[in-house]
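Note sheet for the following structure.
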Amino acid sequence: MSNPVDALILDLLEWIGPEPKPYPEVIDAWRTSCPRLPVWEEANERGFIDRRHRDGAGTFVALTGRGAAFLAAQRPQPMKFAVSHARDARFTTDGLRPFFAYRDLGVRAATAGRAAAHVIRAVPGAKFEGRPHRHGTTFQLVYVLRGWIEFEYEGQGAVRLEAGSSVFQPPSIRHREIGHSDDVEMLEIVMPADFATEEVDAVP
């Protein structure tokens, strides 16, 4: 690649990788690495990276779908084999919604961020907020393993999903969660692994 800024942007995206990194760490490593080449500013302006706040953990920097696609196109990496067993399952609450716990199935690392797969289950007693929003994804599928969950979708109205139900959410469709059972458990497959989420005023 002849453009030195593009080459350094790719270095930045590759360094961040599929897992979000703490904002101070990224700034310390990249913002002043080459003052004459505005790598950080250019990556932000092109929408390749995104800052996200995690309650109790601070601000993190992650690749957006556009950034992951740019990196994959310019520096494709081979995908790896991955297996995940129930006996080794570990659920964490540092995902997109604090009222859900997430089990990473290893797809993010195996695909270098091209895709992610999670088992998601409710955190009993956690405060629920169903704010209207949309995701900058290229693919998103949810399959309910047990319990129920109900969404409101743009142009569709209320949709209740029960065990055995699935929904494909087109990119940027506006939606909000209406409610879920305390025992709900879902499989989610999404592309890319890191994507932007934007809150909106309403679900039309």
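The table for this structure:
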{"read-out": "Pick from region 113-125, criterion more than 11 Å from the chain's Cα centre (by Cα) and assigned to a loop (DSSP other than H, G, I, E, B), ranking: farthest from Val144 (Cα to Cα)", "value": "Gly125"}
{"read-out": "Residues satisfying the stated conditions in region 126-164, i.e. under 22 Å from Thr93 (Cα atoms), assigned to a loop (DSSP other than H, G, I, E, B) and either touching a residue at least 40 places away in the same chain (Cβ under 8 Å) or of a type outside the set (Gly, Ala, Ser) (or both)", "value": "Lys127, Phe128, Glu129, Gly130, Arg131, Pro132, Gly136, Thr137"}
{"read-out": "Any chance Ala62 is within 19 Å of the chain's Cα centre (by Cα), farther than 30 Å from Ile178 by Cα and touching a residue at least 60 places away in the same chain (Cβ under 8 Å)", "value": "no"}
{"read-out": "Where a residue in region 31-49 is under 15 Å from Leu63 (Cβ atoms) and its partner, wherever it lies, is among the basic types (Lys, Arg) and modelled with pLDDT under 80, with Cβ under 6 Å and at least six apart", "value": "Trp40/Arg31"}
{"read-out": "Residues of region 183-200 satisfying the condition of being among the acidic types (Asp, Glu), assigned to a strand (DSSP E or B) and surrounded by 14 or more Cβ atoms within 10 Å (Cβ to Cβ)", "value": "Glu185, Glu188"}
{"read-out": "Residue in region 175-182 that is crowded, with 18+ Cβ neighbours inside 10 Å, of a type in the set (Asp, Glu) and in a loop (DSSP other than H, G, I, E, B) present", "value": "no"}
{"read-out": "Which listed residue is surrounded by fewer than 19 Cβ atoms within 10 Å (Cβ to Cβ), assigned by TED's automatic domain parsing to the domain that holds Ser172, closer than 17 Å to Val190 by Cα and aliphatic (A, V, I, L, M), from Ala109, Ala101, Ala116, Ala126", "value": "Ala109"}
{"read-out": "Members of region 40-68 found to be in contact with a Pro (Cβ under 7 Å, 6 or more places away or on another chain) and either on the phi < 0 side of the Ramachandran plot or of a type in the set (Asp, Glu) (or both), listed by number", "value": "Arg52, Asp55, Phe60, Val61, Ala62, Gly65, Ala68"}
{"read-out": "Flag if Ala68 is among the hydrophobic types (A, V, I, L, M, F, W, C), within 11 Å of Ala193 (Cβ to Cβ), assigned by TED's automatic domain parsing to the domain that holds Leu8 and not in a strand (DSSP E or B)", "value": "yes"}
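The values are calculated or read from the model by the stated rules, or taken from the named source; none is laboratory data. These numbers come from a predicted model, not from an experiment. Using ideal geometry, Cβ is built from the backbone for each residue, glycine included, and neighbour counts are taken over all protein chains shown.
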